[in-house]
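S.K.: Shown below is the structure under consideration.
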Amino acid sequence: LCEEAAHIADAIRRESIEEVGTGGAESEAAKNPNAAEPRMETALSRVRAGTPADVTAAAPQFKSYVRRSPYTYWRALRFGVLLVLVINVPAAAIPILLAVGGQWAWLIGGELAFVALVSVLAFRSRVGDKGATYAEEAFYRAYAADREMKLEEPLRFSATHAEAKLPFKPDRVLTGPLPNGPTNGSLVLVGDGTKRADRIAVVAGPNGPVAEAELHAEAPGISAKLLDSYAERLTKELAAHAK
């Protein structure tokens, strides 16, 4: 929870700098576009995911890695203990009654059973969440590397390409050669293709133009084939617009 809160606070800080700052947008946007979660970097370096076909292809490998990590067990156990302590505050009457009645075995057994249950659920949740997150990151990095593209920090990109008037806030930005398009164009997307608000676009440069479309991905999720298809279609739209 502390890590997530810190991440949110940092994102808000960077957003504030972008909104209220005056002067060069590039210098006032994210200071370190290459910054990444250390544990993610460790996972990506230790798991040989190859070139995943889609965002879920490497999930089993990363879930296995997270499942074997001692840190995962520690986080799950800590969460279980903290949750039991928090619940004991409003439900203090139960442990007090058991203690007063001398039912120490029931008290200790109940507390340990609850800690175990919550820890198991937290463990499974972390394995699933982190495995999926690492697999998605591995997919985009492999996709970008195979196409000689570079992953950019979305906030920094939004700041430096403000004049292009991209109609959404991106989650992913890949810059480099595009099929039938400018060599330094960017493939930009928000969402995972499961919602109507999810979009994908090709941005020709800091001043545009921009070609965009609704991003729609079927199970198992966004794939290299799908991104190639969108990239080709949208760059053709840009070429037609240029004429």
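The values are calculated or read from the model by the stated rules, or taken from the named source; none is laboratory data. This structure is a prediction, so every number in the text was calculated from the model and none was measured. Surface accessibility is based on the protein's heavy atoms, side chains included, excluding ligands, DNA and RNA. Shrake-Rupley method; radii C 1.70, N 1.55, O 1.52, S 1.80 Å.
S.K.: What are the ³J(HN,Hα) values, in whole Hz, obtained from phi via the Karplus relation 6.51 cos²θ - 1.76 cosθ + 1.60 with θ = phi - 60°, for each residue of region 135-146 in sequence order, with x given for Gly and Pro?
M.R.: Along region 135-146, the couplings run 5, 5, 5, 4, 4, 5, 5, 5, 4, 5, 5, 5 Hz.
S.K.: For E137, E41, E218, give me the order by solvent-accessible area with a 1.4 Å probe, most accessible first, ignoring ligands, DNA and RNA. Walk me through the numbers on the way to the answer.
M.R.: Numbers: E137 25, E41 65, E218 135 Å².
These residues rank, largest area first, as E218, E41, E137.
S.K.: Near K236, which lysines are there with a Cα under 22 Å away, not counting those fewer than 8 places off in the same chain?
M.R.: List returned: K150, K165, K225.
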